[in-house]
Structure formats: C-alpha cells, structure tokens
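Encoded as structure tokens, the structure appears first; notes follow it.
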Amino acid sequence: MRKREKNYWWITSLESEGKTGLLYHACVSEQTKFANVRANVWTWYRSRAGNTDLSVSAKLILWAMCERWRWETCSSHDAIDYYAQMIGVNRKTAGRAVAELIDNDIIWLVLEDKPNVRLRKSQPSGKKHFLLVGLGSLLRG
C-alpha cells in the first residue's frame, strides 16, 4: 500500500457495502484517472443537490465541499469557516448546515488520526476530513 493509503484510514483495501464514506483504494489509486474521479464527485453532488429535505445553506456547503474535494486525501478538509466564506454565510449557519449534512448521512466527519471514529459535530482539535457518503459505490460503478 502506498503512503497515501496508510495515512488516510478511509481509503481501504477492502470493498465496503452500503452507505459508507470509505473508499476502495483501487478506485482512486491511479492519478491518470483523476478526471474520472472528479467527474464522479460532481455526479454524486448533483444526485444530492435535488434533495428537498436539505436547506439551501446545506446544499451550498455541500457544493463547497465538492469543490474543495482533494484526490490526495479523498476528502474535503478545509475549516468550516472557510466554507462559510466561500458561500457567504456566517460561521454558525455553516456549522448548522454541516450538522444537517451529517445528520442526513450525506457526509461523514472523521479525524485523520482516529481510525473508524465518526464525529456527530465539529470539534476544535484534530485534523478533520469530510467524506462523501456513497462516493465509493459510484466510483466502483
């Protein structure tokens, strides 16, 4: 396993079933396939953007997370303050939107150094990553 997969526990060597934020490393291992992976991130976003149960701010935060999704980490890992600035809302609104996305199982919030630990809300310590739930299934085709 390359260095990337060792550092990011959500990139696994096992294929997972169901609604999960985990990614099978074979789906994202070749950099030459970056354009395909990135296109799938936007396909994933469009399939969730029409959800009428989500608030407008949650949809915009989700857009910002997809825009900032990184191939290197297979996550979006900017601060919530940054996402708030991207879409022009205050920090509290962005925090509520992130909580809404977590509650609806659209994203997972995880810590880089704590394998298999999902957070229910943001906390001040640790390197946080936002994982797109179901992206792995879309990448497997």
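The values are calculated or read from the model by the stated rules, or taken from the named source; none is laboratory data. No experiment lies behind these values; they were computed from the predicted model shown. Positions of Cβ are generated from backbone atoms using ideal geometry, with glycine treated the same way; all protein chains shown enter the neighbour counts.
Numerical summary
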read-out	value
Residue in region 46-85 that is surrounded by the fewest Cβ atoms within 10 Å (Cβ to Cβ), counting only those that are touching a Lys or Arg at 6+ places or on another chain (Cβ under 6 Å) and of a type outside the set (Asp, Glu)	49
For residue 128: the one exception among (1) basic (Lys, Arg); (2) farther than 19 Å from residue 10 by Cβ; (3) under 13 Å from the mean Cα position of the chain (by Cα)	(2)
Set 111, 138: member being under 20 Å from residue 9 (Cβ atoms), of a type outside the set (S, T, N, Q), modelled with pLDDT under 95 and surrounded by 12 or more Cβ atoms within 10 Å (Cβ to Cβ)	111
Some residue of region 118-125 being of a type in the set (Ser, Thr, Tyr), surrounded by fewer than 18 Cβ atoms within 10 Å (Cβ to Cβ) and either free of Cβ contacts under 8 Å to residues at least 60 places away in the same chain or closer than 23 Å to residue 40 by Cβ (or both)	yes
